[in-house]
Every structure is written in structure tokens, then in C-alpha cells.
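We did not get these values from a lab; they are worked out from the coordinates using the rules stated. Since the structure is predicted, the reported quantities are computational estimates derived from the model, not experimental observations. Heads up, the Cβs are rebuilt from the backbone with ideal geometry, glycines too, and the neighbour counts pull from every protein chain shown.
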Amino acid sequence: MVDERSLIQRLQRGDPSAFREAFEQHKDRLYRLALNLLHDPDEAEDAVQEAFISLTRGIADFEGRSQLGTWLYRVTYNAALQRLRRARTTQGIVSDDSAAAERFKDPGAGPEERLDAAELRRRLDAAMATLPDSLRMAFFLRDVEGLSTLEAAETLGVTETALKVRLHRARLALREQITDAPLPGTTTAAGMSCEEAVSHVSDYLDGTLADDMRARVEAHVERCEHCRITVDSTRDTVALAGERRAVVLPAPRSTRLFSRLQAILAARASEA
Ligand SMILES: [Zn+2]
């Protein structure tokens with residue numbers, strides 16, 4: 001990207017308007033990422049601050065090999081993870097996850113009840129909180145943020161294959177919690193077991209299955225109501241996740257954070 005390369009060059013020259021641009025361009029995604037791991041707006045804001053400070057430190061060595069966005073993502077992810085680990089050691093418990101799980105088990109909503117959008121969002125957030133970090137991040141980067149498999153894999157420092165495995169497991173686990181759809185079937189239809197059909201759901205939805213396999217999965221799904229429901233409810237879960245992209249760094253936080261960053265950078269410049 002030409003724009004990105006010139007932004008990086010301006011950042012390397014210490015152009016203040018470039019820093020503002022990079023901040024505006026990336027703050028919301030970074031905030032969502034940190035918030036997703038930390039579940040605490042203040043902590044998330046601090047992680048974003050760390051990322052932008054790292055940017056000014058690391059920009060001189062920036063080769064532009066990975067995109068600026070991916071790089072910032074990676075730094076924010078690591079900063080948030082560190083905070084999370086610190087919090088877990090000092091508190092000695094994983095209170096957040098279990099609390100979220102408890103909330104999710106709220107018996108108020110019976111299966112008969114129509115789920116409105118807000119309720120579905122609440123369910124998604126609660127269900128995501130119960131996933132292990134590795135699965136949650138794969139799901140978050142791909143389905144909430146809409147990154148490509150490669151970008152998500154690079155951010156997390158894993159192979160694309162590992163990323164896909166995590167994504168698949170995360171999607172199925174979430175769809176089970178969020179939708180009231182029944183568990184996948186356990187029979188065989190059109191020469192394919194439900195177990196095998198379900199193992200391809202994620203690739204099927206992403207359109208990455210080879211043609212012959214895609215045809216076999218489709219033949220199974222056509223004849224197997226259980227698997228049809230599994231495919232549909234997983235698709236719904238992915239669509240629901242995409243709606244979470246609307247979360248942004250609230251304006252008062254954004255203003256405060258930017259002035260804090262400017263103060264930190266000014267102090268550093270006067271030290272040098
Ligand atoms: Zn089936």
C-alpha cells in the first residue's frame with residue numbers, strides 16, 4: 001500500500017501529523033482487541049497507549065514487511081496479554097471467565113423466547129469470555145475484525161493451519177452457547193458421517209473447501225437436518241460477530257488518550 005508506506009516514512013521522520021493519522025486510523029481496532037481480552041475499558045485504554053508508545057520507539061526499524069496495522073495489532077495483543085496474566089497472578093483467580101459463564105447460564109431466557117439482537121450480543125460477549133484466549137483471539141480477529149486468515153495468523157504468531165483449527169473450534173463452541181440450536185447429528189447421510197461433515201463447517205462457510213469436498217458436504221447437509229441447523233447457526237454466529245465491529249474507542253477516552261500520548265512523547269523528546 002502506497003499510502004501506508006508514505007505514512008510509515010512520515011512517522012520515521014517524526015512528523016506529528018503522521019502520528020495523529022496513525023492514531024485515528026488504528027485506535028478503534030486496537031481498543032476492541034484489548035477490550036476483548038481484558039473486559040475493562042481502563043485496562044484496554046492503557047494497552048492501546050502502550051502500543052502507540054511502542055510504535056514511536058520501533059518505527060525507526062520498521063521495514064514495512066508486515067503492515068502497520070498488523071504490527072500494531074500484534075503489539076497491542078501482547079500488551080493486553082501481559083496485563084491479563086499479571087491480573088490473573090495477582091488476583092490468583094480467573095474471576096472474569098467464571099463470572100461471564102455464570103451470567104450466561106441465566107435461566108431467564110427459555111428456548112421458546114425469541115432472542116432479540118441485544119440478547120444475542122450479550123450472549124456472544126458472555127460466550128466469548130468463556131473461551132480459552134487462543135480460541136477467542138482466533139475468532140475475534142477473523143470474525144469480529146474481519147482479518148484474513150493470514151493476517152490473523154501473523155498477529156498471533158501461529159501458522160495459518162493452526163489458526164483455522166482454532167477458528168473452527170471457537171465457532172462451533174460459540175454457536176452451541178449462543179443459539180439454541182441442537183447439537184450436531186451422529187448419523188451418516190450421503191456417504192458422509194455427521195462428524196466429518198461438521199469438521200468441514202468452518203471451511204465450508206469460508207468457501208475454502210475443494211470443489212469435490214464441498215459437493216460432498218452439501219449432499220450430506222441436504223439430507224441431514226441436524227447438520228443443516230449446525231451450518232445455519234454457525235453462519236448466524238459469524239454474522240453476529242461481524243456486528244461487534246461497531247464498538248469504538250469512546251470519544252472522551254480517545255481525546256484523553258491522545259493528549260496523554262502527546263505529553264509522554266514530548267517529555268521523551270525533551271529528555272533526549
Ligand atoms: Zn449430519
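Scanning residues 5 or more positions from residue 189 or on other chains, those with amide H under 5 Å from its amide H are 194, with H placed 1.01 Å from N in the peptide plane.
Database note for the chain: Cys without another Cys beta carbon under 4.7 angstrom, 194.
For the chain, relative contact order (Cα pairs under 8 Å, six or more residues apart, normalised by length) works out to 20 percent. Post the alpha-carbon centroid distance, the range 195-272 to the range 7-79, in whole angstrom. One Cα centre to the other: 20 Å. Nearest 10 degrees, 0 to 90: what angle lies between the long axis of helix 95-104 and the longest principal axis of the chain (Cα atoms)? Result, in degrees: 40. Charge dipole of the range 116-247 (Cα centre as origin; +1 on each Lys and Arg Cβ, -1 on each Asp and Glu Cβ, all else neutral): 240 debye, rounded to the nearest 20. Once the Cα atoms of helix 68-91 and of the chain are each reduced to a long axis, what angle between those two axes, in degrees from 0 to 90 to the nearest 10, is obtained? Result, in degrees: 80. Rounded to the nearest 20 debye, the dipole size of the chain about its Cα centre is 820 debye, using +1 on the Cβ of Lys and Arg and -1 on the Cβ of Asp and Glu. Couplings for the range 244-253, taken from phi via the Karplus curve 6.51 cos²θ - 1.76 cosθ + 1.60 with θ = phi - 60°, read 6, 4, 6, 5, 10, 5, x, 3, x, 5 Hz in order; Gly and Pro are left as x. Rounded, prolate or oblate: which fits the chain when a ≥ b ≥ c are the square roots of the eigenvalues of the alpha-carbon gyration tensor, with rounded for a/c under 1.5 and prolate only if a/b beats b/c? The shape class here is prolate.
Comparing 267, 140, 41 along the charge dipole axis of the chain, the residue lying farthest to the positive side is 267, per the Cβ-charge model. Rounded to the nearest Hz, the phi-derived 3J(HN,Hα) couplings of the range 210-227 under the Karplus curve 6.51 cos²θ - 1.76 cosθ + 1.60 (θ = phi - 60°) are 5, 3, 5, 5, 4, 5, 5, 4, 4, 5, 5, 4, 4, 9, 10, 5, 4, 6, where x marks glycine and proline. Under the shape rule built on the C-alpha gyration tensor, where the axes satisfy a ≥ b ≥ c, the range 116-247 is oblate, since a/c reaches at least 1.5 while a/b does not exceed b/c.
For a quick check, take a GNM of the chain with Cα springs below 10 Å and name the residue from 156, 30, 205 with the largest mean-square fluctuation. Comparing 156, 30, 205 in the GNM, the peak value goes to 205. Placing unit charges on each Cβ (+1 for Lys and Arg, -1 for Asp and Glu) gives the chain a dipole about its Cα centre, and among 75, 56, 230 the Cα reaching farthest toward its positive end belongs to 56. Of 247, 238, 158, the sequence from fewest to most neighbouring Cβ atoms within 10 angstrom is 247, 158, 238. In order along the range 23-38, phi translates into HN-Hα couplings of 4, 4, 5, 10, 4, 5, 5, 5, 5, 4, 4, 5, 4, 5, 7, 9 Hz, rounded to whole numbers, per the Karplus curve 6.51 cos²θ - 1.76 cosθ + 1.60 with θ = phi - 60° and x for Gly and Pro. Rounded, prolate or oblate: which fits the range 199-246, taking a ≥ b ≥ c as square roots of the Cα gyration tensor eigenvalues, rounded meaning a/c under 1.5, else prolate when a/b beats b/c? Note, shape of the range 199-246 comes out oblate.
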